[in-house]
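Novice: For reference, the structure I am asking about is given below.
No value in this document is a laboratory result; all are computed from the given coordinates. Here the structure is a predicted model, which is why all the values come from computation and not from measurement. Heads up, the Cβs are rebuilt from the backbone with ideal geometry, glycines too, and the neighbour counts pull from every protein chain shown.
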Ligand SMILES: Cc1cc2nc3c(=O)[nH]c(=O)nc-3n(C[C@H](O)[C@H](O)[C@H](O)COP(=O)(O)O)c2cc1C
């Protein structure tokens, strides 16, 4: 039985949009789910229209359908529609206007309080709680759940953008949302219908040859691949009338100066004040 769907023009076009014409990977199986994922782009401008009734619950069902490490189900979500709350969150996230604009803002919470409560209720000490490993596992869970929700939203024509800048002021965000200790907003997510201007192009990614290794890690052509990606990103930036820049420049700007962390260099202390006690 042949389970491979026929290679078609739409698939090739989607791969060109994602990688640029010079780095198209081998074509393989294809369907609507994969097409939705390859068509992803972050949306930073929203119409005021609310999301249809039941959309939030559908997104959450998709989120809860993601794998969860040892079935510990570490994720909580706080859904925000209150304009005053979105305004505050936008401000703390460095004045990201799309947070105010989007009709629905989801705060994705690494929630260690819910399972910690079981320790208390059952009078069993949870020795594993304060370790970096447990925090990492919990936060991985949250990210997997959120991405399922994103794919669900995009598959029904909604736009989204993650907001890592919720971690700029984790304690203020937690207080606004009424989070108990051992809960923190890992990231936010704007959800809504994109304005016409905000439907940008798919942003190119590095060639698969740069990140996919077979049997053994091989970075021997990394410089050449990086230069090719830089050239693709320059073309993309010019088309999008974005500040022209290579991917290398973006990495330099983001990872070079400590100021680019916007306060997140204090995260460990903040988390420990919020009850995580990470070792
Ligand atoms: C965890 C995470 C946090 C992010 N935080 C922000 C953010 O605070 N503001 C923003 O405009 N975009 C944010 N983004 C979106 C990225 O900038 C975007 O995904 C990246 O530039 C690639 O573009 P694309 O999503 O359109 O393909 C975030 C993405 C992720 C995965």
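Novice: Using Cα centres only, tell me the gap between the stretch 158-232 and the stretch 82-98 in whole Å.
Specialist: Answer, in whole Å: 19.
Novice: For the chain, what's the relative contact order in percent, using C-alpha pairs closer than 8 Å and at least 6 residues apart?
Specialist: Details: 412 pairs, mean separation 66.4, N = 279.
So the answer I get is 24 percent.
Novice: Another question, if that's okay. What does the extension gain come out to for residue 34 and residue 240, with contour length at 0.36 nm per residue minus their alpha carbon separation?
Specialist: Details: separation 206, 0.36 × 206 = 74.16 nm, distance 2.46 nm.
So the chain would gain 71.7 nm between residue 34 and residue 240.
Novice: Okay, next question. Can you compute the equivalent ellipsoid semi-axes for the chain, i.e. the square root of 5 times each eigenvalue of the Cα gyration tensor, sorted largest first and rounded to whole Å? It would help to have the intermediate numbers written out before the result.
Specialist: Values: eigenvalues 222, 105, 97 Å².
The three semi-axes for the chain are 33, 23, 22 Å.
Novice: Follow-up question, since we're still on this one. Quick one: helix 113-122 against the long Cα principal axis of the chain, what's the angle to the nearest 10°, folded into 0 to 90?
Specialist: 40
Novice: Can you tell me the orientation of helix 222-239 relative to the chain, as the angle in degrees between its alpha-carbon axis and the longest Cα principal axis, to the nearest 10?
Specialist: 90
Novice: Ok, one more. Nearest 500 deg cm²/dmol is fine: what mean residue ellipticity at 222 nm does the chain get from its DSSP H runs of n ≥ 4 alone, each adding -39,500 (n - 2.57), divided by its residue count?
Specialist: Helix contribution divided over all residues of the chain: -13000 deg cm²/dmol.
Novice: Average projected area of the Cα convex hull of the stretch 204-262, in nm²?
Specialist: Values: hull surface 20.2 nm².
Averaged projected hull area, Cα only: 5.1 nm².
Novice: Using every pair of alpha-carbon atoms in the stretch 147-236, split the distances into 10 Å bins beginning at 0 and state the percent of pairs per bin, rounded to integers.
Specialist: Each 10 Å bin holds this share of Cα pairs: 13, 25, 29, 25, 8.
Novice: Can you compute the FRET efficiency between residue 254 and residue 87 using 1/(1 + (r/R0)^6), with r the Cβ-Cβ distance and R0 = 30 Å? Round to the nearest 0.05.
Specialist: On the way: r = 26 Å, r/R0 = 0.88.
Here the calculated transfer efficiency is 0.70.
Novice: A further question follows. When the C-alpha atoms of the stretch 55-199 are aligned to their principal axes, what extent does each axis show, in angstrom, from largest down?
Specialist: Largest first, the stretch 55-199 extends 54, 31, 22 Å along its Cα principal axes.
Novice: Let me know the whole percent of all Cα-Cα pairs from the stretch 136-178 that are separated by more than 12 Å. Show your work: numbers first, answer last.
Specialist: Numbers: 634 of 903 pairs.
Value for the stretch 136-178 (Cα pairs over 12 Å): 70 percent.
Novice: Mind jotting down the distance between the C-alpha centroids of the stretch 136-155 and the stretch 1-76, whole Å?
Specialist: 12
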